[in-house]
Amino acid sequence: MVGLWGPEATRMVATLFLPRGQTVVGDWEPGRIGVGRWRALGQRAGGVAPEEVLLVRSARGWEVQCHGGAAAAAAIVDDLLSLGAEGRPAGAWDADGGPSVAAEAIALLADVDAPRPARILCRQLAGQLDSDVCGIAALVARGDVAAAAAWAERLRRAARVGLRLREPWRIVVTGPVNVGKSSLVNALSGHARSLVSPQPGTTRDVVETRLVLGGWSVVLIDTAGLRVAGDRASGATERAGIARALAATEAADLVVRVVESGALPPKPEGLVVWSKADLQPNSAVPAGVIATSSRTGAGLEALIAAVLARLVPETEEPGLLEGAVPFLPRHLDVLNRVIAGEPIDGWRGLQ
């Protein structure tokens, strides 16, 4: 979506938007939605964008809603700039009067790339966090400190996820050489991101793959295979890869440890996965281990569910992430001050 406001906004929209049917854009009332095509300017002068756009007359100004991806929105922005518009960051759409949750949510929405974080931010854009903070302030004003504290604690639990909305969860896939780590990463990502070979030690570096699992943005990190005691690496390059693998493991949100089916699981650190389960179909799977097959897809859904349960356990608490979710440190600071009964400046809902 491209937002446009200011004294010249209507003139620019009327110049660039070709509505379907007989309608005068300048006469639209707030809330009206129309469909049409966009008149191309600049390097595309005289043309009309092949895709249609939606135009919304909002209380703030105008919203041009186009197809997804960066190119469509960038072309519309270029046309507006060519007519004299001034480019502003996304958060400026609702920034008049100082910081607001709505402006902060809009700014962050431009950076997230998964549906679950986007839904959380849209709820805050719609006023959920403002409403809850005002509700807590009202309880404090009435002297019901216990109820206010309980409500605030619920928001703090939700904030662990809220503070991570922009940053994807990092999952390191580790294990011995030639155990099927790269095949597992490829199966989860849906394409051949990592090179696979029967030759042990093929993966020499840290290979990152960003994707969406269960609605959340994650980075899968394929690493060089670890050698067992007494098994020497083939050279300096592989040793460097193993060192990077160990460093990535230390910085991970979750470690998936892969061993071949039938092998005894390592120490219960991270999530233990049996690979190549199709080669050992009759093996009894130990408790706490997930058997998978990158070739047949068996166990992948169970693995994804287990990964998300480890990364985002908050989804198991009914409604916790369906309402107000603080997503900036500023929000937690305001919450603490509200609980303490301090006056709050710069929070629109309490002005």
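The values are calculated or read from the model by the stated rules, or taken from the named source; none is laboratory data. Since this is a predicted model, take the numbers as computed values, not measurements. Cβ atoms come from the backbone with ideal geometry, glycine included; neighbour counts cover every protein chain shown.
So here's what we get for this one:
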item: Glu269 being modelled with pLDDT under 80 and in contact with a Gly (Cβ under 7 Å, 6 or more places away or on another chain); result: no
item: Scope the stretch 182-209; condition modelled with pLDDT of 85 or more and over 22 Å from Ala114 (Cβ atoms); matching residues; result: Ser182, Ser183
item: Pair list, Cβ under 9 Å, 6 or more apart: the stretch 266-284 residue assigned to a strand (DSSP E or B), other residue at pLDDT below 75 and not small (Gly, Ala, Ser); result: Val272/Pro265; Val272/Pro266; Trp274/Pro265
item: Boolean, Ala73 is within 24 Å of the chain's Cα centre (by Cα), among the small types (Gly, Ala, Ser) and either more than 30 Å from Gly319 (Cα to Cα) or not in a loop (DSSP other than H, G, I, E, B) (or both); result: yes
item: Val307 vs. criteria crowded, with 20+ Cβ neighbours inside 10 Å and modelled with pLDDT under 90; result: no
item: Members of the stretch 22-49 found to be part of a strand (DSSP E or B) and either at pLDDT 60 or above or under 18 Å from Glu8 (Cα atoms) (or both), listed by number; result: Ile33, Gly34, Val35, Gly36, Arg37, Trp38, Arg39
